[in-house]
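Worksheet: the structure to be examined is printed underneath.
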Amino acid sequence: MSAMALASVPAQRISVTAVAPDPLSRAGLAATLGGQPGIVVVDAPDPDEPCVAVVVADEVDEAILREIRAVRAAGHERVVLLAARVDDAGLMSAVEAGVVGVVRRSQATPAHVGAAIRAAAAGEGSLPPDLLARLMNQVERLQRQVLSPRGLTFAGLTEREIAVLRLLAGGHDTAEVGRQLFFSERTVKNVIHDLTSRLDLRNRTHAVAYAIRHGLI
């Protein structure tokens, strides 16, 4: 396609609903987004168009988390948080509640907010670099201090289940898996049964395919 043809293709329209504690903040956000091509502030999501909710807050507290959950329940799959302050606990709570992008209000230029909205509409996340580093540190700490001592991973599988699946994927049968992991064959079969039942998988082949598809092995 030529450059001229590409220039003639209209940008995808993205509907944005502004969730703010007062009309002035909402009007300010609408004005900030007014010049952004393809972004339109609406009162309610349109099921036929990508719609992103932008939640404006001073900080992440329980009231804001309830607001985010309510927005998700109302049909918004993508939420961008525009906050004045975000501490470590608030960042993790916001992500758990469904936030995919964060913009500090001190950095809320039209370009920054527009970029976060477009990333969210495309199914991508966006965080300031320092917040991303803090989030990764929290994830690592959670894995090290909470999950690993219990033999769990973020994938929802135990380390033993992952070890069994990895050997099955290598072509080993249950007896060989047992010998390599120093388990009885019955234990290996129980691991497979528990895994397939919990994840509603049909059989061990389906379990291996599931693990590979989700990057677990």
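The values are calculated or read from the model by the stated rules, or taken from the named source; none is laboratory data. Being a predicted model, the structure only gives us computed values, none of them experimental. Cβ atoms come from the backbone with ideal geometry, glycine included; neighbour counts cover every protein chain shown.
Suppose the filter is surrounded by fewer than 17 Cβ atoms within 10 Å (Cβ to Cβ), under 20 Å from the mean Cα position of the chain (by Cα) and at pLDDT 90 or above; does A115 pass it? For A115, the condition - surrounded by fewer than 17 Cβ atoms within 10 Å (Cβ to Cβ), under 20 Å from the mean Cα position of the chain (by Cα) and at pLDDT 90 or above - is met. The single condition among (1) farther than 23 Å from D22 by Cα; (2) outside any loop (DSSP other than H, G, I, E, B); (3) at pLDDT 85 or above that R141 does not meet is (3). Among the residues in the range 157-170, are any surrounded by 13 or more Cβ atoms within 10 Å (Cβ to Cβ) and assigned to a loop (DSSP other than H, G, I, E, B)? Yes, that holds for at least one residue. If only residues of the range 190-212 that are touching a helix residue (DSSP H, G or I) at 6+ places or on another chain (Cβ under 6 Å) and either modelled with pLDDT of 90 or more or of a type in the set (S, T, Y) (or both) are counted, the one that is surrounded by the most Cβ atoms within 10 Å (Cβ to Cβ) is V191.
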